[in-house]
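The structure under discussion appears below in the form of structure tokens.
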Amino acid sequence: MSNALNESKTESSSESAGVTADVSTGTTTAGESDEQIREEWSNYHFDGPAKLSVEDLNVYYGTDHALKDVSMEIPEKSVTALIGPSGCGKSTFLRCLNRMNDRIKTARVEGSVELDETEIYDANANLVELRKRIGMVFQQPNPFPKSIRDNISYGPRKHGDIDTGLLARLLGRDDTEEESELVERSLKQAALWEEVSDRLDDNALGLSGGQQQRLCIARCLAVDPEVILMDEPASALDPIATSKIEDLVEELSKQYTVVIVTHNMQQAARISDQTAVFLTGGELVEYDDTDKIFENPESQRVEDYITGKFG
Ligand SMILES: Nc1ncnc2c1ncn2[C@@H]1O[C@H](COP(=O)(O)OP(=O)(O)OP(=O)(O)O)[C@@H](O)[C@H]1O
Ligand SMILES: [Mg+2]
């Protein structure tokens, strides 16, 4: 990965290790309060422009404040893991990135999220286009009760990219061949082609859970997204299916920007390039290279969480 830690940050972190702060707060490995250097720890630097840039994001459900002043930049073509205890706001954060929270009546979002430096919360933003560019895969595989082929071609048809209907044929436009190519390409990208190539017209609900999840990933890829959001995509799967999804995520990150929520810390350590740790109360506590987070986090609370002392 091309991401590089900002020099000044590394220096100031090691300097601060020598500071004798009020250790009674006990909030950091170096003795400072989280508040003192929170901005610094969550301010992750990498080379190149951010694919997604989040600034001062706050989310409320009614009067509940679920996410507090979250700012973070997400580099392109890499895997960013979001970890933290249940209820800390990981799914809420992920849903902010393609405005899925708009669908929750009680949710109120404040702050800014930019995709390639364009504000997605702009009143004129086209949500259909946004969700095409930023696709999402959920915890429970949710294929449509249709054939495997139709699951894949549904999105491109909806967006008008392929048309195989009667009218199209009468008008001399028949994209059947294009559809077949798209189905094959998407299923290959999702490492499912070999298992389903001879049963494309079977109902997708007849697939195993792991296969259904890869089908959902293929469905997401079929509309040619730039960012893929995954909310615990492997937590309902057995270890073999999980490892297939993990391999796939790593492969996809060569071409796409992947943001993945996981409860499984080994998984985050294995597959991600950078990791953001959210803790109870909807705070982003630390964000850095994955190796740094797991080997030598700055925040005591993060260390406690990672070593299983709480959470
Ligand atoms: N639709 C909703 N309506 C009201 N409150 C919600 C809603 N969704 C989430 N919340 C609340 O917002 C907070 C953050 O929830 P969120 O689902 O984002 O957490 P999470 O980190 O994804 O948790 P988990 O690991 O259990 O999935 C929680 O207190 C939760 O109860
Ligand atoms: Mg969640």
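Key figures for this structure:
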item	result
Selection from region 115-164 of residues that are more than 15 Å from the chain's Cα centre (by Cα), under 22 Å from D56 (Cα atoms) and either in contact (Cβ under 8 Å) with a residue 60 or more places away in the chain or outside the structural domain of D231 (by TED's automatic domain parsing) (or both)	D116, E117
Qualifying residue in region 49-56 (condition: acidic (D, E), surrounded by fewer than 17 Cβ atoms within 10 Å (Cβ to Cβ), without any contact (Cβ under 8 Å) to a residue 24 or more places away in the chain and out of contact with any Leu (no Cβ under 6 Å at 6 or more places or on another chain))	no
Only listed residue being assigned by TED's automatic domain parsing to the domain that holds A125 and buried (at least 21 other Cβ atoms within 10 Å of the Cβ), chosen from T63, T80	T80
Pairs with Cβ under 9 Å, 6+ apart, first in region 251-272 and farther than 24 Å from S86 by Cα, second within 16 Å of ligand 2 (Cβ to nearest atom)	T257/T80
Qualifying residue in region 283-293 (condition: assigned to a loop (DSSP other than H, G, I, E, B) and buried (at least 18 other Cβ atoms within 10 Å of the Cβ))	no
Of residues in region 268-281 being touching a strand residue (DSSP E or B) at 6+ places or on another chain (Cβ under 9 Å) and modelled with pLDDT under 95, the one nearest to D69 (Cα to Cα)	G281
Among (1) in a helix (DSSP H, G or I); (2) surrounded by 24 or more Cβ atoms within 10 Å (Cβ to Cβ), the one test that A241 misses	(2)
Given (1) away from ligand 1 (no atom under 16 Å from the Cβ); (2) modelled with pLDDT under 95, index of the condition Q139 fails	(1)
Pair list, Cβ under 6 Å, 6 or more apart: region 82-97 residue under 17 Å from Q274 (Cα atoms) and assigned to a helix (DSSP H, G or I), other residue within 8 Å of ligand 2 (Cβ to nearest atom) and of a type outside the set (K, R)	K90/V261; L94/D231; L94/V261
Any chance T280 is of a type outside the set (F, W, Y), touching a residue at least 24 places away in the same chain (Cβ under 8 Å) and buried (at least 19 other Cβ atoms within 10 Å of the Cβ)	no
Filter result (within 8 Å of ligand 1 (Cβ to nearest atom), over 16 Å from V227 (Cβ atoms) and hydrophobic (A, V, I, L, M, F, W, C)) within region 66-106	A66, L67, C88, I104
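The values are calculated or read from the model by the stated rules, or taken from the named source; none is laboratory data. The structure presented is a predicted model; accordingly, all values stated were derived computationally and were not measured. Reconstructed Cβ throughout: ideal geometry from the backbone, glycine too, with neighbour counts over all protein chains shown.
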